[in-house]
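What follows is a set of notes on a single structure, which appears directly below.
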Amino acid sequence: EHRRVVSAALRCPPRHGRGPLLLYVLDVMELPDPVLPQLPALLGPDVPAAGVLVVGNKVDLLPADCRGHLGRLRQRVAAACARAGLRGAALVDIRLVSAKTGFGMEGLVSRLQRSWKCAGDVYLLGATNSGKSTLFNTLLRSDYCKSRAPDIIDRATVSPWPGTTLNLLKFPIINPTCDRIFRRQERLKEEATKTEDQLSSEEKNHLNQLKKQGYLVGEVGRTFQQQKSSSEIAFDPDMLSYSMDEDPRDAPKKDEEREEFTHNEVKDARWCFDTPGIVKEDCVLNLLTEKEVKLVLPAHAIVPRTFILKPGMVLFLAALGRIDYLEGEKPAWFSVLASNLLPVHVTTLSNADAVYEKHTAQEFLKVPMGGEERMKEFPPLVPQDITLKGIGTTEAVADIKLSSAGWVAVTAHAEEELLLRAYTPKGTALVVREPPLLPYISSIRGARIPGTPAYRTKKPPSFVENLRTTGSR
């Protein structure tokens, strides 16, 4: 259904003499992205596209493991694009953003406006849960969209379930004339000179909320505002008089006419379309209920949890993933990056099967939930053996990605060989990601908790872009 809808839209005759620009939204935590290689087939040779602009989303959820981590993330996305066959003129640009907190969004809008003359309509593509609809809603309220559109266009439905964007929602893209670009740049310069102390109390509260939710925060403002006429308050004197034995009556509401675009506003407009999310195959989220999905998908900045394990020890990530440290000469560090709501438990190899049998679908392991009845329909965990060679006690050698439940970065002594056995539910993908996404993540930890294999957690500070001084670093 997705291919039919999107392919039909992309094969429409080019408007304004230009082919469509594809804005592909990629969840950086899902690298290697399973949908990216499908893009060339989706386009086909008969689609005269202006190119693909890849947006790496959700960077706000990932802690900075060292200086320059965003540059490294961008390199990882660029490598994934090259493997998928997107290179040269076909790849317009790569941008890293957070559609939720606004980080990088003003830069994305500026980049999209520079593509105005060489592209026609714009189509947002992406896998389910990549943040595509959140990006659509953010662009709808930015300088990328005509000023009257947010009052007219319906917002995209943000949901963990695939197919919630049932129709091709769209908004008209504003023409970035020289005057508009100048006014926008002046606004951005003015805002960049502000400090947090100069923000209003409402803006400060909003900023603090975003800091709690993500590491990277930005503000998406508007330069062009629709002027609204002041409305007169009409009242009926008869409605204000009532006897003691009756309640006052509300005035009957007049049918409000829905605002519509005028012909001149849309006759030559370019449009930005939201499309249904592409369902990822082999994804653990496809096996979960809506309540379980909300626990698994990170909604706040991920706080890394690091454990030091000896051979013969086992790490559980809820009941969705398991890693056994089978053979090795020395202890190794295992850093878990997953939703803060998912529990992590460490036990011995001899007790692991009993722990899983006793606590699966119970509060101890949390997901899945629902007891024995739930487990009757849930697939069993299946193993995959993994051999790794350490490169040093400060740098991870690889990530073991447990489908979309999260991943574990493994750090070991130089030249130390490890034999691991990792488990995910049958039918889901287990990926060994080399090089790791955040190679120095094990250094972000507190002191060792006495008598346990765990370290105290430590949340890195947030960073706010486009403010002169933030005091948050």
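The values are calculated or read from the model by the stated rules, or taken from the named source; none is laboratory data. It should be emphasised that the depicted structure is a prediction, and the values quoted were computed from it without experimental measurement. Cβ placement follows ideal geometry from the backbone for every residue including glycine, while neighbour counts extend to all protein chains displayed. The protein model used for the area step is the full one, side chains on, heavy atoms only, and it has no ligands, DNA or RNA in it. Shrake-Rupley method; radii C 1.70, N 1.55, O 1.52, S 1.80 Å.
Sorted into 5 angstrom bins from 0, the C-alpha pair distances of the range 383-473 split as 3, 12, 16, 18, 18, 14, 9, 5, 3, 2, 0 percent. As an exercise, use a Förster radius of 22 Å and the Cβ-Cβ distance of residue 224 and residue 117 to find the FRET efficiency, rounded to the nearest 0.05. The computed FRET efficiency comes out at 0.70.
Taken over the C-alpha atoms, the range 349-407 has Rg and Dmax values of 15.3, 45 angstrom.
How many angstrom lie between the C-alpha centres of the range 411-473 and the range 30-109? That distance is 22 Å.
Nonpolar atom fraction for the range 285-463, defined as the carbon and sulfur part of the 1.4 Å probe accessible area, stands at 53 percent. The residues neighbouring residue 414, those whose beta-carbon lies less than 14 Å from its own, together hold a net charge of -3 under the Lys/Arg +1, Asp/Glu -1 convention. With a cut-off of 13 Å between beta carbons, the residues surrounding residue 432 carry a summed charge of +1, where Lys and Arg count +1 and Asp and Glu -1. Each Lys and Arg adds +1 at its Cβ and each Asp and Glu adds -1 at its Cβ; summed about the Cα centre, the range 386-451 shows a dipole of about 320 debye.
Among the GluC sites (Glu not before Pro) found in the range 272-308, those both in a DSSP coil and sparsely packed, with 15 or fewer other Cβ atoms within 10 Å of their Cβ, are 281.
At q = 0.11, 0.20, 0.25 Å⁻¹, work out log10 I(q)/I(0) for the range 269-364 with the Debye formula, treating every Cα as an identical point scatterer and leaving solvent out; two decimals please. Scattering profile of the range 269-364, log10 relative to I(0): -0.44, -1.10, -1.34. In the range 285-463, the convex hull through the Cα atoms has an average projected area of 10.1 nm², a quarter of its surface area. The lysines whose alpha-carbon is closer than 22 Å to the alpha-carbon of residue 426, local same-chain residues fewer than 8 away aside, are 280, 291, 294, 358, 366, 376, 401. Using the Cβ-Cβ distance between residue 199 and residue 329 with R0 set to 41 Å, the FRET efficiency works out to roughly 0.15.
Put a dot 7 Å past the Cα of residue 362, heading toward its Cβ, do the same for residue 75, and the two dots end up 4.7 nm apart.
Between residue 421 and residue 458, the modelled labels are 3.5 nm apart [label points 7 Å from Cα along Cα→Cβ]. Can you tally the net charge around residue 219? Count Lys and Arg as +1, Asp and Glu as -1, for every other residue whose Cβ sits under 9 Å from the Cβ of residue 219. Charge balance in the 9 Å sphere: -4. Between the range 289-326 and the range 119-146, the alpha-carbon centres lie 32 Å apart.
How many nm separate the modelled label positions at residue 376 and residue 41, each set 7 Å beyond the Cα in the direction of the Cβ? Between residue 376 and residue 41, the label points sit 3.7 nm apart.
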